[in-house]
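Right, one structure below, let's go through it.
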Amino acid sequence: MKQSSTLLRKIASLGFASALVTGLLAGVTTTPALAANTAKMVVKANIKQTTTGLNMRSGAATSYKIITVLKKGEKVTVKSTSGTWSKVVSGKHTGWVSSKYLKPVAPSAPSPGPTASKTNLTFTAAGVTSKFHVFPVTAAKGILFYLDGDGQWAFDNASSSYALGGSNGIVEQARKRGYMTVAVRTPDRQGTPTWWEDGAKNSAYFDALRNELGKQYPGAKENWLTGYSGGAQFLTQSYLPQHPEAMLAGGGAVMMGGGGTPELKVKGFTKAQRDAFTMHWYTGAADTAANSDENYDALGEAKAGKAWYAKAGFRTASSYPKGVDHDLSGRFGSAIGTALDR
């Protein structure tokens, strides 16, 4: 309210000043000669640009002496006009030029500001419905998709520095490299929400969303597919074997906390797909069945998945940091950033 009341006071002040000036002017006597000159002189202070090399003269006619010659494209400030002549200022010079050789200067395009996030958007495909978040960047060169682990905690807490949020989170690390981030919630609604269960239906849903976003953001050519735990398993076991065409746009996949061998039928990978796509695994060296309440051997799955895709002809890379188990809190962004930098 403080800013609003201040603005109102300024407006009231300006209105009073305007009325006062009008009243004072009403009492001024103007001679016919002065009135005629005033009619000829139109005050119009703006910026224009010369369309050719142009003589600046000491008066509004070609009979006046030349003060200087303005270059084509030079910007000048127009102070007033008289007939077909304009009084302009250019640097230290003030004089008259022919108005027909001036044109308006197009306003500079505003610098693109930060783009707004769009969260919990709804998408329906393959008979199921789910939600997704979009974290756009200006002139994105690609889309980085993130698929969360079982329970979808990182998706439901997108601002947390655990995975997506924060200066070292996935969104910020992708943004620094020119990629927008799209986090997708699994459409699974039976028990604990997961990506890896019912892989065929989830693959159809995710591929439809990926294609739709590709149409909405045609400039974001590359596809980066990233997943954690169940999301990682889904990518290597179900989605990529069923939808290898997603690889053609270039980019890669980053599997964190897993990423095993295909479980659905592999449609086959062309040389163009293999050449355009890289595969990266990041799983802690302590992320084993012995350290899992569910007997999940993420390290074993990651190593088996990497070996399978390497044999299939893909360029692969891996990192298995010592002392790290299935909790990758605060590590997601740096792991993905390393893959994007390769």
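Out of all the residues in segment 44-61, is one or more in a strand (DSSP E or B), without any contact (Cβ under 8 Å) to a residue 12 or more places away in the chain and not basic (Lys, Arg)? No, that holds for no residue. If only residues of segment 287-342 that are of a type in the set (Val, Ile, Thr) and not in a loop (DSSP other than H, G, I, E, B) are counted, the one that is least open to solvent (accessible area, probe 1.4 Å) is 336.
Apart from one condition, residue 145 fits all of (1) open to solvent by less than 60 Å² (accessible area, probe 1.4 Å); (2) at positive phi; the exception is (2).
Within segment 25-43, identify whether any single residue is over 30 Å from residue 171 (Cβ atoms), modelled with pLDDT of 50 or more, open to solvent by less than 80 Å² (accessible area, probe 1.4 Å) and of a type in the set (Val, Ile, Thr), and answer yes or no. Within segment 25-43, none of the residues are over 30 Å from residue 171 (Cβ atoms), modelled with pLDDT of 50 or more, open to solvent by less than 80 Å² (accessible area, probe 1.4 Å) and of a type in the set (Val, Ile, Thr). The residue that is least open to solvent (accessible area, probe 1.4 Å), counting only those in segment 210-235 that are part of a loop (DSSP other than H, G, I, E, B) and hydroxyl-bearing (Ser, Thr, Tyr), is 229.
Each row is one residue, and each column tells you yes or no for (1) modelled with pLDDT under 95; (2) of a type in the set (A, V, I, L, M, F, W, C); (3) farther than 30 Å from residue 339 by Cβ; (4) over 17 Å from the mean Cα position of the chain (by Cα).
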position	(1), (2), (3), (4)
88	yes, yes, yes, yes
135	no, yes, no, no
150	no, no, no, yes
162	no, no, no, yes
168	no, no, no, yes
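For segment 180-200, the candidate set comprises residues that are in a loop (DSSP other than H, G, I, E, B), among the hydroxyl-bearing types (Ser, Thr, Tyr) and buried (at least 21 other Cβ atoms within 10 Å of the Cβ); within that set, the residue that is farthest from the chain's Cα centre (by Cα) is 194.
How many of the residues making up segment 83-102 are in contact with a Phe, Trp or Tyr (Cβ under 8 Å, 6 or more places away or on another chain) and among the small types (Gly, Ala, Ser)? Before the answer, list the steps.
Initial filter on segment 83-102 (in contact with a Phe, Trp or Tyr (Cβ under 8 Å, 6 or more places away or on another chain)): 85-88, 96-99.
From what is left, the residues that are among the small types (Gly, Ala, Ser) are 86, 98-99.
Qualifying residue count for the region: 3.
Among the listed residues 130, 161, 203, which satisfies the condition of being in contact (Cβ under 8 Å) with a residue 12 or more places away in the chain and surrounded by fewer than 22 Cβ atoms within 10 Å (Cβ to Cβ)? Give the derivation first.
On the way: 130 fails: surrounded by fewer than 22 Cβ atoms within 10 Å (Cβ to Cβ); 203 fails: surrounded by fewer than 22 Cβ atoms within 10 Å (Cβ to Cβ).
One residue alone meets the criteria, 161.
The values are calculated or read from the model by the stated rules, or taken from the named source; none is laboratory data. In this text the structure is predicted, and so the values were computed from the model without any measurement. Positions of Cβ are generated from backbone atoms using ideal geometry, with glycine treated the same way; all protein chains shown enter the neighbour counts. Side chains included, ligands, DNA and RNA excluded: accessible areas come from the protein's heavy atoms. Shrake-Rupley method; radii C 1.70, N 1.55, O 1.52, S 1.80 Å.
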